[in-house]
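> I'd like to ask some things about the structure below.
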Amino acid sequence: MVFDVGVVPFNPDGWGPPENPSAPPLLGGAVATASIPFAPFSRSDKLGRIADWTRNPGHPGAHAAASRDSIFDFTSTDDSLAAAAEDSSFSLVDAKPPPRHPRFGPKWRFNQRPQLPQRRDEEVEAKRREAEKERARRERHYQNHRSHHHQGFRGNQASQAKPSVDIQPDWTMLEQIPFANFTKLSFAVNDQPEDLLVCGAVESYDRTYDRVNPKTQRRLERFKNRHFFKITTTDDPIIRRLAEEDKATVFATDAILAALMCTPRSILSWDIVVQRVGNKLFFDKRDGGQLDLLTVNETAQEQLPENKDDINSAHSLAVEATYINQNFSQQVLVRDGEKVTFDEPNPFATENEEAAPVCYRYRRWKLDDNISIIARCEVHAAGADPSGARQFLTLNALNEFDPKITGVDWKQKLESQRGAVLATELKNNANKLARWTAQALLSGADMMKLGYVSRVQPRDHFNHSILTVMGYKPRDFAAQINLNTANMWGIVKSLVDICMKFEEGKYVLVKDPAKPQLRIYQVPNDAFENDYVEEPLPEEEQVRPATDDVDATAEEMDAAAEAEANKATTQGGEGEKSAEAAAA
């Protein structure tokens, strides 16, 4: 059998077969038919597949001719030339989208469509995180187990915190006021306060500290020779004189009023003693009480350790913050400058001691026709505005003890992100900053200076550095921290009205350590008077001082030695040794 190649028609006029070709026998002796499709090509085109035998017909019911023609159909949507071009430039790429980490939980796990295999590990991890969050939420709920909750309150502290004063069995609880009641109060004091008396002297503020930054920080000095007075209301001779003159019905200090005004922001327990004498009220603090110390990280989420031996415990940091504020208020003053004196000298200082320069302003507010308040307010320094007018300033300092606990390193962030540092302090020390602002408003200060003081080393609580000092106007800062003046006076007015209904006697306001509420107890009149007085020892157990009655002491020693000598004559040599030891 001979294989017949056949005849290929020649087209002398151009490229491709002739327009009217004859029908010679082709390959295999077949005859060309018009049913074979033809696609014209250009010389610049690439030749693709001649026939696509992988073509899938439209549907099984299509006739054989259509299926056969589709094999050679190059004019359909699946263009072989385009496919060839794509094949030539084909490169393998990963079309899988990158995994997205959900912000608020894996939302895609709620999709009912088949999940991709690469997302199964992420789903397992997300479920594990959700389980941990649920476990932590249940643990917090178990530790809190309280009916009320207010902003910044740490529930896990409730089981360990103790009241600031020991509640005695003979005390009678009269009132129990939730903090939610305080937030709704509002009272506007229409009249401006009246300065009845101004005492003491202040020095000028050193403006060079406004240019201090973490790169040019200054070491905090210690002022051991200057005395700082924390005199309560009833021990103030000026307030006693004003009370005798019947100048007001309620008497307090700016620190006590600020504590009352910022009651809803407090977390730790504190107490204030109230004495009703006739038609007058005296708000006092206990010596060595909670109000004498400054709190640190009171409103933070993390609880500070309670061990007093730890330098980062709540008590140690409170003592450290108090001394930092005292030293800072003296260091930022002009050394050996002229003092600004007032009507009377410092009422608490003696002639032989150096008192810290403080101005005491005794101011009176009229709440209504029957009630007026006199408070002793403190101003720490004097200054001048750009026009040259005198300004009064209050000086306070925030302290950093460990950047790992607070989460913000002041030495790195203060210069570039002051707002973030202040926001962190407003979150961790909301009550302390609110009290300072309230005291500045009560004293009528024109500016309040906030210093940022940090430890030189995190484990060294004796050496500190001043990183920077910022100044704020009290009213602007109060608006910034959402401190409402009408609400502040509303709290004071409500407490004064409650205490005015009581009979004459002594009462105590105690902040509950575990719940956001204030309790009022009636206590005996002699309560807190002998808190720090040691009971004398029995007379036979008292030790006589060596300097008192030396002759009598010598006679007693001689009598004892003679008695030992007589005993030695009856007991022999051992008695002699005992006598010598006794005589020695």
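> Give a quick list of trypsin sites (Lys or Arg not before Pro) in the stretch 234-338 that DSSP marks as loop, anything other than H, G, I, E or B, with at most 14 other Cβ atoms within 10 Å.
K308, R335
> Counting only protein heavy atoms, what percent of the accessible surface of the stretch 462-501 is carbon or sulfur at a 1.4 Å probe?
On the stretch 462-501, the fraction of accessible area on carbon and sulfur atoms equals 48 percent.
> Enumerate the amide H contacts of E400 below 5 Å, restricted to partners 5 or more residues apart or on another chain; note that Pro and chain-start residues carry no placed amide H.
The answer is V453, S454, R455.
> I'd like the Karplus ³J(HN,Hα) series for the stretch 489-506: coefficients 6.51, -1.76, 1.60, θ = phi - 60°, whole numbers in Hz, and an x wherever there's a Gly or Pro.
Along the stretch 489-506, the couplings run 6, x, 5, 5, 5, 5, 5, 5, 5, 5, 6, 5, 7, 7, 7, 5, x, 10 Hz.
> Here is a follow-up. Please work out whether the stretch 377-524 counts as rounded, prolate or oblate from its C-alpha gyration tensor, where a ≥ b ≥ c are the square roots of the eigenvalues and a/c under 1.5 means rounded, while otherwise a/b larger than b/c means prolate and anything else oblate?
It comes out oblate by the Cα gyration axes.
> Here's a follow-up. Would you pull out the residues with amide H under 5 Å of S372's amide H, same chain only if 5 or more places away, H placed 1.01 Å from N?
T249, V250, L367
> Say each of E306 and I167 gets a label point 7 Å from the Cα, pointing the same way as Cα to Cβ; how far apart are those two points in nm?
About 1.6 nm, to one decimal.
> Taking the highest mean first, how do the peptides 506-519, 226-239 order by number of other beta carbon atoms within 10 angstrom per residue?
Working: 506-519: 20.5, 226-239: 16.9.
Going by the mean number of other Cβ atoms within 10 Å, highest first, we get 506-519, 226-239.
> Would you please name the trypsin sites (Lys or Arg not before Pro) within the stretch 472-501 that are DSSP coil residues with at most 15 other C-beta atoms within 10 Å of their C-beta?
Here the sparse-neighbourhood loop sites are K501.
> Here is a follow-up. Quick check for me: using +1 on Lys/Arg Cβ and -1 on Asp/Glu Cβ, what's the dipole size of the stretch 332-392 about its Cα centre, in debye to the nearest 20?
260 debye
> Scaled to the compact-protein estimate 2.2 N^0.38 Å, what is the alpha-carbon radius of gyration of the stretch 181-306, rounded to two decimal places?
1.38
> Once phi is turned into ³J(HN,Hα) by the Karplus curve 6.51 cos²θ - 1.76 cosθ + 1.60 with θ = phi - 60°, what whole-Hz value does each residue of the stretch 217-228 show in order, with x for glycine and proline?
5, 10, 5, 7, 8, 10, 10, 7, 7, 8, 9, 10
> Continuing with the same structure: List, in the order given, every pair from K432/K493; K280/K427; K247/K285; K247/K515; K184/K280; K184/K427 whose Cα-Cα distance in the structure shown is over 30 Å.
Values: K432/K493 22 Å; K280/K427 38 Å; K247/K285 22 Å; K247/K515 37 Å; K184/K280 27 Å; K184/K427 22 Å.
Result: K280/K427; K247/K515 exceed 30 Å.
The values are calculated or read from the model by the stated rules, or taken from the named source; none is laboratory data. All values reported here derive from a predicted model rather than from experimental measurement. Heads up, the Cβs are rebuilt from the backbone with ideal geometry, glycines too, and the neighbour counts pull from every protein chain shown. Only protein heavy atoms, including side chains, enter the accessible area calculation; ligands, DNA and RNA are left aside. Shrake-Rupley method; radii C 1.70, N 1.55, O 1.52, S 1.80 Å.
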